[in-house]
Amino acid sequence: MIHPRTLKALEFPKIINLLAGFCRSKEGQQRAQQTVPLDDKAEAEDALALFTDALTWFNDSEAAKLFSATGFADISPMLRALASSQFVADTDAFWALRNVLNQAKQALQALTLPKAQTAWPRLLAHFQTTTLPKELLFALNRCISDDALLKDESSPELFRLRQDIRSLHQHCLRKVHDFAAHYNILPYLQDEFMTISQDRYVLPLKATYKGRLQGILHDWSQTGETCYFEPMFLVELNNRLQQLRREEHEEEMQVLSYLTGLLRDGREAVDQALELLTQLDLFQAKMRLAEALDGHCVHFTEQSEGLELVAARHPLLALKAKEAKDAQAVRPLDILLRPSDRCLLISGSNAAGKTVCLKTLGLICAMAASGLPVPAAPGSHLFWPARLDAFIGDEQDIEDHVSTFTAQIIHLSKAWKYLNQGSLILLDEFGAGTDPTQGAALAQAVLDSLLERGACVLSATHFPSLKIWALSTEHVRAASMLFDPQSLRPLYRLAYDQVGQSQTLTVARDHGLAPEILERAQNILLLGQSDTSEQIERLNKLAVEREAELARLVSLQKKTQDEARHLKERLQKERERLKSDISGQIHSLMQSVREEKLKAKEALNRFKELRNALTENSDKAEEPVSTDASVFTQGLRVRHKGLGKTGLVTDCDLRRSRVRIDLGGISLWAKASELTPLAETPTAGKTAPKASLANAQGFAMLVDVRGMTAEQARSTVQRFLDNNLVSGLSCVEIVHGRGTGVLRRELHSYLASYPGIDHFELAPEDQGGAGKTLVYFK
C-alpha cells in the first residue's frame with residue numbers, strides 16, 4: 001500500500017524508533033521495529049480496535065491489581081539453544097523463564113476477569129487460545145528460588161545431600177572449637193573462625209606460627225601475614241565434604257536436565273506466553289505514544305466520504321514541542337477533503353507550513369494503517385487509500401547526475417501505472433526546478449490525469465496558473481496558508497476556498513538578504529504590472545478575520561454547551577433535593593400521626609398541600625380541561641397528569657367522578673381531574689404503550705408482599721403508602737396472594753387504621769381477585 005521510499009520521505013522510521021523506545025523489553029523493541037502499514041483495511045481496523053480494548057484493559061483498576069506491566073527478561077538465547085540436544089539450561093536461565101511465565105500467568109488472569117466479555121471483548125478473543133506450560137511452571141516455582149538458585153526441595157536426593165553438608169559444617173565447627181580450646185591455639189589464629197580455601201575448610205593462621213601445628217598449608221593472604229592452614233584432624237572431614245559436593249553437583253545437573261526436558265516438551269506453550277507478553281509490551285508502548293502525542297485512533301471510511309483530520313499535528317513536531325514544554329510551538333491544522341473533492345491545492349508563503357501539512361496527512365495515514373494512535377482530535381476520519389505515494393523533498397542525486405526536477409519525474413514515472421482509483425498522492429511543489437511556465441503546465445497535466453484516474457491529490461504549489469486552475473476546476477478545492485496582515489509572518493493555519501501569496505520578498509528579508517536587492521526586485525515587479533500581491537493580501541486579511549470569527553463562535557458554542565450542562569445538573573440536584581425534602585416531611589407527618597401528636601384530618605390537609613406543591617409546575621403546563629367524568633367514554637385515549645403516561649378508558653364512575661384506565665396492562669382508578677383527553681385515538685392493530693410500575697417522580701403504583709411475614713408485610717406496606725400519599729395517584733395495589741388468607745386479614749386490619757385512605761377492596765377476579773387489594777386515597 002505504501003512504498004518504502006514514501007515512508008522514508010514521510011519520516012515514518014523515526015516514529016517506529018520512538019515506538020520501540022517506549023517498549024520495556026528487548027522482544028517488544030524488536031516487534032515494534034517490525035511495525036509497518038498493513039495492506040488490508042479490515043486488518044488495520046482490527047489493529048486499532050484491539051489497541052482500544054488494550055487501552056481500556058491497562059486503565060482498569062481491577063486488572064492492574066493482577067498484572068503490572070513491566071519489562072521481562074530476554075529468554076530468546078535459551079530458546080534458540082534448545083536446538084542442540086546436548087544443551088542443559090543453567091539456574092539463571094530458568095530463573096528468567098520462571099519470571100516470564102509467572103508474568104504471563106498474571107496477565108491471563110487479568111485478561112479473563114468476569115467483566116472481560118463486555119469491557120475488552122476483542123482483546124479477550126485475541127488471546128483466548130493462549131495456554132501456559134503448567135507442568136513446567138509448577139516445577140520452576142518448586143525448584144528455582146528468588147535468588148536464582150536450586151531449592152533444597154528440588155529433589156529428595158538433593159535435600160538429603162544438602163542436609164549432610166550442613167551437618168558436616170556444624171561438625172567441623174565443633175571440632176575446630178574443641179581443638180582450639182584444648183591446645184590453646186587462639187593466639188595463633190588471625191581470626192576466631194574457620195574459613196574456606198580451595199573449597200576446603202581451613203584455619204587462618206598467623207604467618208609467624210606456621211610451623212607450630214601439623215597440617216597442610218594451602219594458601220597465603222595478599223599481605224603475607226596470614227596463611228590458610230588445614231589441620232590434620234580436618235583432612236578426613238574435608239575429603240568427605242568434597243565427596244558430598246560432587247554428589248550435590250551431579251544431583252543439581254539431574255534436576256536441571258529434567259527441567260530442560262520439561263522446557264522442550266512445553267516449548268509451544270512457552271512461545272505463546274512470550275508472544276502474549278511481547279504483544280502487551282507493544283500495546284503499552286502504543287499507549288505511551290498516544291500519551292506523548294495526545295493521540296487518538298481514527299477510523300477509516302470509503303473514498304466517497306472524503307477525509308477529515310480535526311486539529312491534526314505533525315507527530316514528530318508535536319513530540320518535540322512536548323519535550324520543550326511549548327504547546328504553542330505546533331499549530332493544529334484542520335485538513336479536509338470533502339466527499340465531492342478529489343484535489344486540494346495548497347498555496348502560500350515559503351516556510352508557512354505547506355510541506356508540513358502534506359507530511360502531517362501522509363504520516364498520520366501511515367500510522368493509522370499501522371494500528372497506531374495519531375495526533376488528531378476524536379471524530380477524525382480517513383478514507384482507506386489503495387496506495388499512498390508522497391513526492392516530497394529534495395530527491396536529487398549528484399553521483400547519478402539526477403537533479404531535483406529529474407528525480408521527481410523518475411519516481412513519478414515508476415509509480416504512474418499504480419496510481420489509480422483510491423490512490424492518495426502527495427505532491428510538494430511538483431514541476432519546480434525547471435522553467436516556471438513549462439513546469440506549471442506539466443504539473444497541471446499531471447493533476448488533470450490523476451483526477452481522471454480517480455485518485456485523490458494534495459498538492460502544494462507557488463505557480464499562479466495552478467492557483468487559477470484550482471479556483472475554476474470541478475472537484476478541486478483551493479486552500480492557502482495564512483499570514484499575519486501586519487507582520488506578514490506565517491500563522492500556520494489553513495484557510496479554504498482561496499489562494500495564498502508566496503511572500504517571496506518577505507521571506508528573503510527575514511533571512512537577511514541585502515535591502516538593495518529587495519528594493520530592486522520590488523521595482524521590477526512594479527514595472528512588470530503583473531503582481532497580484534495586493535489583491536491576495538486583501539483576501540488573506542478577510543480569511544484571517546473569518547478564521548478569528550469562527551474561532552470565537554466555536555468558543556461561544558462551547559461556553560453555551562457548558563452552561564446548559566451546568567443548568568441541567570443544577571436542576572437535577574434541585575429535583576432530588578425537593579423529593580428528599582417532601583419525603584422527609586411525609587415521614588415526619590406519619591410519625592406525628594402514629595404518636596397522636598397530630599390529628600388525622602390535619603395530617604391529610606398537609607398531605608394535600610405537599611401534593612399540590614409537587615405537581616404545581618406540571619399542572620400549569622396542562623391546558624384546562626373539563627373534570628366531568630361523563631366526557632370520558634370507553635376506548636378514549638387519555639393522559640394521566642401525575643404519571644405522565646397515556647392509556648385507554650375502560651370504565652367510568654359518574655357518582656364518584658372517577659375513571660378506570662388501562663396503562664398497558666395495568667388497570668387503575670383515577671379522578672377525572674387527573675386525566676387529559678387526547679385527540680388521537682389508537683388505530684386498528686395498535687396497542688396502548690405499556691406503563692411502568694413507577695411514575696417520573698419514582699412513586700410506585702404496586703407493591704408485592706408475597707412470601708413475607710405479617711410484620712415484614714406491614715412495614716413494607718407502611719413505607720409504600722407513606723411514599724404515595726403525595727404521588728397524585730388515586731389508587732394503588734397491594735399484591736398479597738390468596739394462600740390461607742392470614743396475610744390478607746392482617747393487612748386489611750392495618751389498612752383500616754391508616755389515615756388518608758378513603759376505602760379499600762379486593763380486586764376483580766380478572767385482575768387478581770382475593771390475591772390483590774386495591775387501596776383508594778381520599
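The values are calculated or read from the model by the stated rules, or taken from the named source; none is laboratory data. None of the values given here were measured: they were computed from a predicted structure. Here Cβ is always computed from backbone atoms with ideal geometry, including for glycine, and neighbour counts include all displayed protein chains. Ligands, DNA and RNA are stripped out before the accessible areas are found, and what is left, the full protein with its side chains, is counted by its heavy atoms. Shrake-Rupley method; radii C 1.70, N 1.55, O 1.52, S 1.80 Å.
Working out 0.36 nm times the residue gap between Leu654 and Asp46, then minus their Cα-Cα distance, what length gain in nm do you get to one decimal?
On the way: separation 608, 0.36 × 608 = 218.88 nm, distance 6.70 nm.
Between Leu654 and Asp46, full extension yields an extra 212.2 nm.
At 1.4 Å probe size, with every protein chain present, just tell me what the per residue accessible area of segment 66-193 comes to in Å². Before the final figure, lay out the partial values.
Numbers: 7170 Å² over 128 residues.
The answer is 56 Å² per residue.
Obtain the nm distance between the two label points defined at Ala564 and Arg267 by a simple spin-label model: each point lies 7 Å from its Cα along the Cα-to-C-beta direction.
6.5
Where does each of Asp341, Asp40 land when they are ordered by accessible area, with a 1.4 Å probe and the largest first?
Final ranking, largest accessible area leading: Asp40, Asp341.
For labels at Ala441 and Ser85 in the simple 7 Å Cα→Cβ model, what's the distance in nm?
Going by the 7 Å Cα→Cβ label model, 7.8 nm.
Quick one: accessible area per residue over segment 247-328, 1.4 Å probe, rounded to a whole number of Å²?
Per residue, segment 247-328 has 46 Å² of solvent-accessible surface.
Quick check: with the 1.4 Å probe, what order do Ser349, Ser257 take by accessible area, largest first? Don't skip to the end; give the middle numbers.
Values: Ser349 5, Ser257 55 Å².
The residues order as Ser257, Ser349, largest area first.
Listed highest first by mean packing, meaning other Cβ atoms within 10 Å per residue, what order do 309-318, 214-223, 751-760, 669-678 come in?
Ranking the peptides 309-318, 214-223, 751-760, 669-678 by packing returns 309-318, 669-678, 751-760, 214-223.
Give the accessible surface of segment 736-778 per residue, rounded to a whole number of Å², with probe radius 1.4 Å and ligands, DNA and RNA excluded.
Numbers: 2050 Å² over 43 residues.
With all protein chains present, segment 736-778 gives 48 Å² per residue.
Rounded to the nearest 10 Å², what accessible area does Cys297 show when all protein chains are kept and the probe is 1.4 Å?
50
Over segment 59-158, how many pairs of lysines fall under 21 Å by alpha carbon, counting only those 8 or more apart in sequence or from different chains?
Details: Lys65/Lys105; Lys65/Lys115; Lys105/Lys115; Lys105/Lys134; Lys134/Lys151.
Total qualifying Lys-Lys pairs in segment 59-158 comes to 5.
Assigning unit charges at the beta carbon (Lys, Arg +1; Asp, Glu -1) and nothing else, what dipole magnitude in debye, to the nearest 20, does segment 70-176 show about its Cα centre?
In total the dipole reaches around 240 debye.
For the full complex of protein chains and a 1.4 angstrom probe, list Ile196, Ile661 by accessible area with the highest value first.
Ile196, Ile661
Place a label point 7 angstrom from the Cα of Lys175 along the Cα-to-Cβ direction, then list the residues of segment 207-231 whose backbone nitrogen is under 20 Å away.
Output list for this probe position: 212-219, 228-231.
Gain in length, Gln128 to Gln33, computed as 0.36 nm per residue apart minus the alpha-carbon separation, to one decimal in nm? Display every interim value, and only then the final one.
Values: separation 95, 0.36 × 95 = 34.20 nm, distance 2.57 nm.
My answer for the length gained is 31.6 nm.
Keeping all protein chains in position, work out how much accessible area Ile468 exposes to a 1.4 Å probe, and write it in Å² to the nearest 10.
110
Gln498's amide H: which non-local residues (gap 5+, or another chain) put their own amide H closer than 5 Å, with H modeled 1.01 Å from N in plane and none for Pro or chain starts?
Here the answer is Ala478, Ala479, Ser480, since their amide H atoms fall under 5 Å of that of Gln498.
Scan segment 178-281 for GluC sites (Glu not before Pro) in coil per DSSP, keeping those whose Cβ has at most 14 other Cβ atoms within 10 Å, and list them by number.
For GluC sites (Glu not before Pro) across segment 178-281 that sit outside H, G, I, E and B with at most 14 neighbouring Cβ atoms in 10 Å, the list reads Glu192, Glu225.
Provide the convex hull volume over Cα atoms per residue for segment 1-117, in Å³.
Cα-based convex hull of segment 1-117, divided per residue, equals 159 Å³.
Could you tell me which of Leu150, Phe138, Ala180 has its Cα farthest along the dipole of segment 102-190 towards the positive end, charges placed at Cβ (Lys, Arg +1; Asp, Glu -1), taken about the Cα centre?
Phe138
Can you compute the charge dipole magnitude of segment 104-148 about its Cα centre, using +1 on each Lys and Arg Cβ and -1 on each Asp and Glu Cβ, nothing else charged? Give it in debye, rounded to the nearest 20. Write out the running numbers ahead of the final one.
Details: 5 positive and 3 negative charges, 56 e Å.
Taking the Cα centre of segment 104-148 as origin, the dipole is about 260 debye.
Work out, step by step, the length gained on full extension between Lys115 and Lys8: first 0.36 nm times the residue separation, then minus their alpha carbon distance; give nm to one decimal. Spell out each step's value before the answer.
On the way: separation 107, 0.36 × 107 = 38.52 nm, distance 4.26 nm.
Result for the pair: 34.3 nm of gain on full extension.
Using a probe of 1.4 angstrom, how much of the accessible area of segment 108-176 is carbon and sulfur, in percent?
Solvent-exposed carbon and sulfur of segment 108-176 make up 56 percent of the total.
Accessible area of segment 1-81 with a 1.4 Å probe: how many percent of it is carbon plus sulfur?
That fraction is 52 percent.
For labels at Ala64 and Gln243 in the simple 7 Å Cα→Cβ model, what's the distance in nm?
Computed distance between label sites Ala64 and Gln243 equals 6.0 nm.
Which entries of Lys14/Lys558; Lys8/Lys322; Lys641/Lys778; Lys645/Lys772 show an alpha-carbon separation above 26 angstrom in the structure shown?
Values: Lys14/Lys558 36 Å; Lys8/Lys322 23 Å; Lys641/Lys778 18 Å; Lys645/Lys772 23 Å.
Violating the 26 Å Cα-Cα cut-off are Lys14/Lys558.
Please name which of Gly295, Gln254, Pro332 has its Cα lying farthest along the dipole of segment 245-350 towards the positive end, using unit charges on Cβ (Lys, Arg +1; Asp, Glu -1) and the Cα centre as origin.
Pro332
Could you tell me which trypsin sites (Lys or Arg not before Pro) in segment 81-149 are loop residues by DSSP with no more than 15 other beta carbons within 10 angstrom of their beta carbon?
Listed in order of number, the matching sites are Lys115.
Run the 1.4 Å probe and let me know the accessible area of Thr709, rounded to the nearest 10 Å².
Counting only protein heavy atoms, Thr709 exposes about 80 Å² to solvent.
Apply the Karplus parameterisation 6.51 cos²θ - 1.76 cosθ + 1.60, with θ equal to phi minus 60°, to every residue of segment 109-126 and state each ³J(HN,Hα) to the nearest whole Hz, in sequence, with x for glycine and proline.
With the stated coefficients, segment 109-126 comes to 4, 6, 6, 9, 4, x, 6, 4, 4, 9, 7, 9, x, 5, 5, 4, 5, 5 Hz.
Evaluate E = 1/(1 + (r/R0)^6) for Ser715 and Arg166, where r is the Cβ-Cβ distance and R0 equals 51 Å; express this FRET efficiency to the nearest 0.05.
0.10
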